[in-house]
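Below: one structure, written as structure tokens.
Every read-out reported here was derived from the displayed coordinates using simple, explicitly stated rules and does not represent laboratory data. Everything numeric in this text was worked out from a predicted model, so none of it was measured. No Cβ is skipped: glycine too gets one built from the backbone with ideal geometry, and neighbour counts run over all protein chains shown.
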Ligand code: SF4
């Protein structure tokens with residue numbers, strides 16, 4: 001047992017196995033029902049990442065906020081920086097679903113994209 005040992009939920013499939021991570025020089029994962037859980041547990045132990053679904057302000061559209069998400073997961077340690085960058089952002093309609101809203105958000109090499117179309121309405 002080390003101080004870093006912990007439990008995490010595998011989110012690679014809906015089954016949601018509860019993984020036990022034994023973290024030392026090596027990482028031992030237990031509680032998984034398939035190999036994906038081992039990969040997930042090892043990544044969670046050393047380099048946890050999360051996808052970022054959120055909204056940003058949009059001008060000249062029917063709704064005041066546009067749903068967006070990160071195209072890939074970003075390092076968990078960078079989430080606050082990502083949210084801070086998006087908090088100050090204001091995009092302008094029209095926007096197409098999948099359009100890149102921010103390139104390389106918070107220097108993560110990950111883009112933020114629109115989750116839906118939003119027409120211009122003035
Ligand atoms: S360990 Fe395998 S079966 Fe269990 S939640 Fe992860 S992907 Fe699904």
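Odds and ends about this structure:
- Protection proxy ranking, highest mean first, for peptides 101-114, 42-55, 3-16: 101-114, 42-55, 3-16, where packing is the per-residue count of other beta-carbon atoms within 10 Å, averaged.
- Annotation for the stretch 1-45 versus the stretch 68-122: alpha-carbon center distance of 30 Å.
- Three-way shape label, the stretch 6-47, alpha-carbon gyration tensor, a/c 1.5: prolate
- Sum of -39500 (n - 2.57) over DSSP H runs of 4+, divided by residues of the chain (222 nm, nearest 500): -5000 deg cm²/dmol
- Put a dot 7 Å past the Cα of residue 72, heading toward its Cβ, do the same for residue 119, and the two dots end up 3.6 nm apart.
- Residues in the stretch 56-90 that a label on residue 107 would reach, taking backbone N under 13 Å of a point 7 Å out along Cα→Cβ: 78, 81-82
- Shape category assigned to the chain from the gyration tensor of Cα positions, a/c cut at 1.5: prolate
- Against the main long axis of the alpha-carbon atoms of the chain, helix 35-46 sits at an angle near 80°.
- Three-way shape label, the stretch 53-114, alpha-carbon gyration tensor, a/c 1.5: prolate
- Annotation: the antiparallel percentage among DSSP beta bridges lying fully within the chain is about 90.
- Taking 0.36 nm per residue of separation and subtracting the current Cα-Cα distance, fully stretching the chain between residue 4 and residue 90 would add 26.9 nm.
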